[in-house]
Amino acid sequence: MLAGGALASHLDCCGGLDNLDYSKVDFSAMTLLLGYVKLTDSTFAAAVLCIAFNPLFWNVVARWEHKTRVLSRVCGSPYTACYCLGTVILLLNFIRSHCFTEAMRSQPKLEGLDCLSVYYAGLAVLGVGFLFVISSFLALGFIGTFLGDYFGILKEEKVTSFPFNVMDNPMYWGSTACYLGWSIMHASPAGLLLTAVVAVSYMIAMLYEGPFTEEIYQQKQKAAKKK
């Protein structure tokens, strides 16, 4: 990407964004998609709420625990507290997936996607997503997957094995791929739109989780140097 001054000059030479003719932008694909989706449908709204709520819940609770250690004291140990939170997160994710599926079933299919070849393509995407989710879980373990570092249970070193040697946050992207594949298999415009909501919610979560986790390990390193 160009430096700020260079970027500004580039926009100025073209007259800036004000000179863009937005009437020529092709919104036909989005219009077609939204034409199949009833945004006011109760099952669709429930799915959106679940998708948005889940990462908000576990980030708020985990940060609260990191600051207060209340869950660890109530449960008797940070390990028990982490297992309890992980169980709640799994339950919430199950509810989210159920609402996601019900939202797809309650809304029409897209005829162009309702064929065997597209179904198998969706199945392949689902399989890749499932691979990333399961391999991430195996690499991190239950504690590592469900925010153990927020409970003070820190790893000695960063996990670099598959799939973390392929991409950052493979659990989140794998989960998104699972929803995408599931939506394609059902030829569901509602599912595709909800998958976009999943991706956005995870991207927002990553913006908060990444720096905070780095700060936790920096505090660990500082504490170790003082000893």
Quick one: would you say ALA52 is modelled with pLDDT of 95 or more, closer than 16 Å to THR195 by Cβ, of a type in the set (A, V, I, L, M) and touching an Asp or Glu at 6+ places or on another chain (Cβ under 9 Å)? no
Kindly establish whether PRO211 is closer than 27 Å to CYS82 by Cα, touching a Pro at 6+ places or on another chain (Cβ under 6 Å) and either free of Cβ contacts under 8 Å to residues at least 40 places away in the same chain or surrounded by fewer than 16 Cβ atoms within 10 Å (Cβ to Cβ) (or both). no
For the stretch 62-77, which residues satisfy the criterion of being over 21 Å from TYR208 (Cβ atoms) and not hydroxyl-bearing (Ser, Thr, Tyr)? ARG73, VAL74, CYS75, GLY76
Tell me, yes or no, whether the stretch 110-128 has at least one residue that is more than 23 Å from SER201 (Cβ to Cβ), modelled with pLDDT of 95 or more and of a type in the set (Phe, Trp, Tyr). yes
If I go through the stretch 100-125 residue by residue, how many of them are open to solvent by 40 Å² or more (accessible area, probe 1.4 Å) and in a helix (DSSP H, G or I)? 13
Within the stretch 186-198, count every residue that is open to solvent by 30 Å² or more (accessible area, probe 1.4 Å) and in a loop (DSSP other than H, G, I, E, B). 1
Take the residues in the stretch 76-99 that are aliphatic (A, V, I, L, M) and open to solvent by 80 Å² or more (accessible area, probe 1.4 Å); name whichever of them is farthest from GLY144 (Cα to Cα). LEU91
Within the stretch 136-153, can you find the residues that are among the aliphatic types (A, V, I, L, M) and closer than 16 Å to ILE216 by Cα? ILE143, LEU147, ILE153
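Residue-by-condition table, conditions (1) surrounded by fewer than 21 Cβ atoms within 10 Å (Cβ to Cβ); (2) more than 16 Å from the chain's Cα centre (by Cα); (3) among the charged types (D, E, K, R); (4) not in a helix (DSSP H, G or I):
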position	(1), (2), (3), (4)
PHE132	no, no, no, no
LYS155	yes, yes, yes, yes
LYS158	yes, yes, yes, yes
MET167	yes, no, no, yes
MET171	yes, no, no, no
TYR179	no, no, no, no
ILE184	no, yes, no, no
VAL200	yes, no, no, no
MET203	yes, no, no, no
What is the number of the single condition among (1) in contact with a helix residue (DSSP H, G or I) (Cβ under 8 Å, 6 or more places away or on another chain); (2) closer than 18 Å to LEU85 by Cα that LEU126 does not meet? (2)
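The values are calculated or read from the model by the stated rules, or taken from the named source; none is laboratory data. Remember, it's a predicted structure, so these values are computed and weren't measured experimentally. We place every Cβ from the backbone using ideal geometry, glycine too, and count neighbours over all the protein chains shown. SASA here: full protein model, heavy atoms, side chains in, ligands and nucleic acids out. Shrake-Rupley method; radii C 1.70, N 1.55, O 1.52, S 1.80 Å.
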